Structures are given as structure tokens and as C-alpha cells.
Amino acid sequence: MTADVPRVTPSMPDTAGVDPGIADAVAALYADGIVGKKGAFTVEWADRLREDIDAAFAEALGRPGGAVGRGTKRYYVELHPEQLHGWLDIVDHPWVRGVCEAVLGPDYQIVELGFDVPGPGAKDQPFHRDFPMPDETKRTGRLTSLAFNLTAVDTAEDMGPFEIALGTQWDLPEGFEHEMFPVRELYPRLQERAVRKYPLRGDISARSALTLHRGTENTSQLSRPVLVLGVDAPGAGNAEHHDMAVTRNFYDSLPDRVKRHLVCPIVDELTPITQKHTIEGLMMGDA
């Protein structure tokens, strides 16, 4: 075994009285940094998700700034909720709502919607976090954000499955470039902890974006599109890095239990999102 690294001491939320399935999910998030829910949606629902992603991806590739690179043959695209027929199904799913409330509190905020597309020829990414560890997490040992992922395809070994180093959400970023990219000397430890995930259409997962992870090499002839839903605790501040918006008619059609978690602008007309070239995007070469 490789040497351990300095870590934050986690402080798990009190889940007394919470649905047992949600309490187990919270425990898994705090222990491993990721948890899944098999069969949350039907295969037919997931196939409609794929249609929406394919349409949005084609549109994004057709205009400047529509998609941002995340390494060789990898792209990330942000969406508005109205571009995805199943958005309300996701954010209003009892498991999603339950996990958000238990981890982030009753006033959690929906801040991001997008998707990753690792295409044929995508290479191994470097291990990374999606953003630096917040000061609050360092200080209190609490998670302040979650990323929910839904695959649009049945994931096979040759399609470049997602790889995550379990428990590394608590690693202090000593020596990390931009507090997001660990030094190569830590890779043996990460590889000891790393597991690959093979979700199927209809599955959903929740993870801490601080858990060190990467996409792996896609040697198939197929893309592996994955939807991303970002959710914050109040004050986490990730909404300022995204440009999600909703129209008034769409907003008015939503149930109040969903409206109260939206912090994005309400606009007369949607504007296509120009992707922000974050540090992650600029540094995300191949491993």
C-alpha cells in the first residue's frame, strides 16, 4: 500500500428519521464519494434523453463556444432545462430530492445542467476534481455540492468508463495544481482506490465533485454521453460559474417544490450558452 495523505475529517449529516435508502446513500457519499440508484428511470426514458443530448450536441458543435474540450475527443456542453424533456423528471425524482435535502439541506440550489461526450478515440484523462475544495469543507468536513450523472448508453469496458478513486473527496489538495489536479506521485495511491463504473440506461448516480476521478480511454466506435446535474448548498457559489436560465412560461409550469430550488435567471427568450473555458478545460490534456 502507498502512504496516505493529509485528509479532512468528515462530519456526516444527521440522518435520524430519514428514509433508510436515503440514509444509506448519504453514508456512501461520505465514505466513498459516490453512490448509485439502479433503474431510477426506464430504458425508453433514457433513449429520449439520448435524443435530446444528440440534438444539443450537434447544435453546440455548429457554433463558436458551443462546446468546450475536456481532452482528446471529449467535449462538455451546458444546457438550459427546457432543452431536456426529462429535466423535471430528474430534479423531482424522490431519490434525487431526498439525497439533496439530506446532504445539502432543505434549501439546496439547482445550478448546472450539461453533458459530457467522450467519443471514439478519447484518451485517459488526468485524475482531477471538478473545482477546488471549498473552505467550508476543509473547515467543517461537510459536502456543499453534488453532481448527479445519468448515462445515455449502456456502458461497456471499451467505451472509456468513468473511473473514481473512492474516498478521495477528503484529500487535502497539497501540491495539487490549481487545487484540482494531483501530482503524479499520488497516482499509485489513486489507482489503488480507483474503480470503474458501468451504469446502464435508466441508472443515476450522485457524487461529490471533489472525489478524484477521470474518464478512461474509449477504444470503441461509440460515444458515451453522460448528463450532469449540479446542485449546491446555499452559499456554495457554483451558480456563478454557469449560465443556466429558464423562460417565464417554463418556470410557471413547474411545481412549487421545484421552483424554490432554482436560482437561475427567468428570461423572455433563451440564449445559447457559450461554454466557459475554466482552468479544468485549459489543463485537461491526456494523462
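The values are calculated or read from the model by the stated rules, or taken from the named source; none is laboratory data. Quick caveat: nothing in here was measured; it's all calculated off a predicted structure. Positions of Cβ are generated from backbone atoms using ideal geometry, with glycine treated the same way; all protein chains shown enter the neighbour counts. The protein model used for the area step is the full one, side chains on, heavy atoms only, and it has no ligands, DNA or RNA in it. Shrake-Rupley method; radii C 1.70, N 1.55, O 1.52, S 1.80 Å.
One residue is enough: does the stretch 82-93 have a residue meeting the conditions out of contact with any Leu (no Cβ under 9 Å at 6 or more places or on another chain), closer than 19 Å to residue 203 by Cβ, open to solvent by 10 Å² or more (accessible area, probe 1.4 Å) and assigned to a helix (DSSP H, G or I)?
Among the residues of the stretch 82-93, at least one is out of contact with any Leu (no Cβ under 9 Å at 6 or more places or on another chain), closer than 19 Å to residue 203 by Cβ, open to solvent by 10 Å² or more (accessible area, probe 1.4 Å) and assigned to a helix (DSSP H, G or I), which makes the answer yes.
Could you tell me which residue of the stretch 240-260 is most open to solvent (accessible area, probe 1.4 Å), considering only residues that are part of a loop (DSSP other than H, G, I, E, B) and closer than 17 Å to residue 79 by Cβ? First the steps, then the outcome.
Narrowing the stretch 240-260 to residues part of a loop (DSSP other than H, G, I, E, B): 242-245, 254-255, 260.
Now drop any that are not closer than 17 Å to residue 79 by Cβ, which leaves 242-245, 254.
On the way: 242: 38, 243: 72, 244: 7, 245: 10, 254: 10 Å².
Checking each candidate, the answer is 243.
Between 48, 70, 63, which is of a type in the set (Lys, Arg), at pLDDT 95 or above and out of contact with any helix residue (DSSP H, G or I) (no Cβ under 6 Å at 6 or more places or on another chain)?
Sole residue among the options that is of a type in the set (Lys, Arg), at pLDDT 95 or above and out of contact with any helix residue (DSSP H, G or I) (no Cβ under 6 Å at 6 or more places or on another chain): 48.
Could you please tell me which pairs satisfy a Cβ distance under 6 Å, a separation of 6+ or placement on different chains, a first residue in the stretch 21-48 that is of a type in the set (Val, Ile, Thr), and a second residue that is open to solvent by 50 Å² or more (accessible area, probe 1.4 Å)?
Correct list of pairs: 43/201.
Of the numbered conditions (1) of a type in the set (Phe, Trp, Tyr); (2) touching a residue at least 60 places away in the same chain (Cβ under 8 Å); (3) within 30 Å of residue 268 (Cβ to Cβ), residue 87 satisfies every one except a single condition; which is it?
All conditions pass for residue 87, except number (2).
Pairs needed: first member in the stretch 50-69, within 19 Å of residue 242 (Cα to Cα); second member anywhere, assigned to a loop (DSSP other than H, G, I, E, B) and of a type in the set (Val, Ile, Thr); C-beta distance under 9 Å; at least 6 residues apart or different chains.
60/273; 63/274; 64/274; 65/273; 65/274; 66/273; 66/274; 68/278
Name the residue that is farthest from residue 134 (Cα to Cα), counting only residues in the stretch 216-239 that are crowded, with 19+ Cβ neighbours inside 10 Å and at pLDDT below 95.
For the stretch 216-239, the residue satisfying everything is 238.
Residues checked against (1) within 15 Å of residue 261 (Cα to Cα); (2) of a type in the set (Val, Ile, Thr); (3) surrounded by 22 or more Cβ atoms within 10 Å (Cβ to Cβ):
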{"residue": "104", "(1), (2), (3)": "yes, no, yes"}
{"residue": "109", "(1), (2), (3)": "yes, no, yes"}
{"residue": "119", "(1), (2), (3)": "no, no, no"}
{"residue": "126", "(1), (2), (3)": "no, no, no"}
{"residue": "129", "(1), (2), (3)": "no, no, yes"}
{"residue": "132", "(1), (2), (3)": "no, no, no"}
{"residue": "141", "(1), (2), (3)": "no, no, no"}
{"residue": "145", "(1), (2), (3)": "yes, no, yes"}
{"residue": "150", "(1), (2), (3)": "no, no, yes"}
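Anything in the stretch 7-36 that is open to solvent by 60 Å² or more (accessible area, probe 1.4 Å) and assigned to a loop (DSSP other than H, G, I, E, B)? List them, or say none.
9, 10, 12, 14, 16, 17, 19
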